[in-house]
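A short reminder: the numbers here are calculations on the coordinates, not readings from a lab. On a predicted model such as this, the values are computed, not experimentally measured, just so you know. Cβ: placed from backbone, ideal geometry, glycine included. Neighbour counts: every protein chain shown.
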Amino acid sequence: MANEVTIVECPRDAWQGLRDVIPTEQKVQYLSRLIALGFRHIDAVSFVSPKHVPQMADSEAVMARLTEVKAPGGGPVEIIGIVVNAQGLERALATPGVTAVGYPYSISAYFRRANANMSRAESRALVEKLQHDTKAAGKKLVIYISMAFGNPYEEPWGAEIVEETLVWLKDLGVRTVSLADTVGRASPEEVARLFQVVRGCVAGVEIGVHLHSRPDRAAEKILAAYEAGCRRFDGALTGMGGCPFAGDELVGNIPTEAVLTTLASRGVSTGIDTKSLAVACAMTGELREKYAHAPQAVDAAQSGKPN
């Protein structure tokens, strides 16, 4: 149906900013409950250096337990594992239960070099390898276009750069791409304008959004994207997590509850009912309270942040 959407819950993104490491067993219980509550697309783990992101050091152990969990009523559950290099890709492909591999491809030269230490050519070569190897392994590839809505570095930016990137990805065979507002700088009007410009150039590619926002503008951005044609939304329950480069502590991941309630006001089917959402928010709040936010966020690219 035209008003059905895909909701991607991003606990991996949220957890990386917590001060203390969540025990493996508690991560498994949390992810299992998300599945039981009706979440079917989850950015759950990342395969990055434990030195840079100790919170994600147990990704293989988490997945070893999560593979035992089945969705009520059956049906597939998309589990995304984020990678930032070839070593991470190798780990992701070797981990049972990871059905999709995610990679943050930055269109900002400064952001890419400062955080991933890659040139444009090196990053594109990695994307080509990701597409080839995930296809061979029968897994999905999700590419996140970082800085898709502009950057704070005074670098050239325009919809034509995003469009060229999308066409290149489509030609490679990538079929799911998420536009990331890395530092939460886009207005609702800019979200709508970019989506309207680029969606027509890549028919057959699912284009989603991974937005950041101050709380008071979240609903506006969600509606702007939806009305421009977006049907795939990333979110994090209670708004936990966000880019460490936003420069504003109120700019975090758009809360999943804001995505669901805003879309529901338009009669959109999300597959998550009000009771399940309340339970999910409550258990997320408990994690927030127990493990607290770190005084300093980790390096975005080394963390595998897709934004």
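Annotation: the residues Lys135, Lys51, Lys221, Lys140, sorted from fewest to most other C-beta atoms within 10 Å of their own C-beta, follow the order Lys51, Lys135, Lys140, Lys221. Taking amide H as placed 1.01 Å from N in the peptide plane, Arg232 has its amide H under 5 Å from the amide H of Thr6, Val209, each at least 5 places away in sequence or on another chain. Proximity of backbone amide H atoms, modeled 1.01 Å from N, is registered between Gly184 and His212 at under 5 Å, excluding neighbours fewer than 5 places apart on the same chain. Residues of region 135-171 with an amide N closer than 20 Å to a point placed 7 Å from the Cα of Ala121 along the Cα-to-Cβ direction: 165, 168-169. Restricting the chymotrypsin sites (Phe, Trp or Tyr not before Pro) of region 129-222 to loop positions (DSSP other than H, G, I, E, B) with no more than 11 neighbouring Cβ atoms within 10 Å leaves nothing.
Shape call for region 6-303 from the C-alpha gyration tensor, a ≥ b ≥ c root eigenvalues: rounded (a/c under 1.5), prolate (a/b greater than b/c) or oblate? Since a/c stays below 1.5, the shape of region 6-303 is classed as rounded. Just want the answer: with Cβ charges of +1 for Lys and Arg and -1 for Asp and Glu, which residue in Gln26, Val98, Leu287 is farthest toward the dipole's positive end in the chain? Comparing the listed Cα positions along the dipole, Val98 ranks first. Contact order, relative form, for region 1-155: 19 percent (alpha carbon pairs under 8 Å, 6 or more residues apart, mean separation divided by residue count). With contacts taken as Cα pairs under 8 Å and at least 6 residues apart, region 6-303 reaches a relative contact order of 22 percent. Database remark: amide H of Leu141 closer than 5 angstrom to the amide H of Val101, Arg175 (H placed geometrically; neighbours at sequence offset of 5 or more, or on other chains; Pro and chain starts carry no H).
What separates the Cα centres of region 136-155 and region 173-228 is a distance of 12 Å. With a threshold of 31 Å on the Cα-Cα distance, the over-threshold entries among Lys27/Lys140; Lys170/Lys290; Lys27/Lys135; Lys51/Lys140; Lys221/Lys275 are Lys170/Lys290. Only Cα pairs within less than 10 Å get springs; with that Gaussian network setup on the chain, which residue of Lys139, Lys275, Lys290 has the largest fluctuation? Highest fluctuation of the listed residues: Lys275. Only one residue of Pro188, Ile82, Ala61 has its Cα farthest out toward the positive end of the dipole of the chain, where Lys and Arg carry +1 and Asp and Glu -1 on Cβ, and that residue is Ala61.
Please identify which residues in region 182-206 have an amide N closer than 20 Å to a label point set 7 Å out from the Cα of Arg175, following the Cα→Cβ vector. Under cut-off, by backbone N: 199-206. Comparing Ser119, Ser178, Ser46 in a Gaussian network model of the chain, where Cα atoms under 10 Å apart are tied by springs, the biggest mean-square fluctuation is seen for Ser119.
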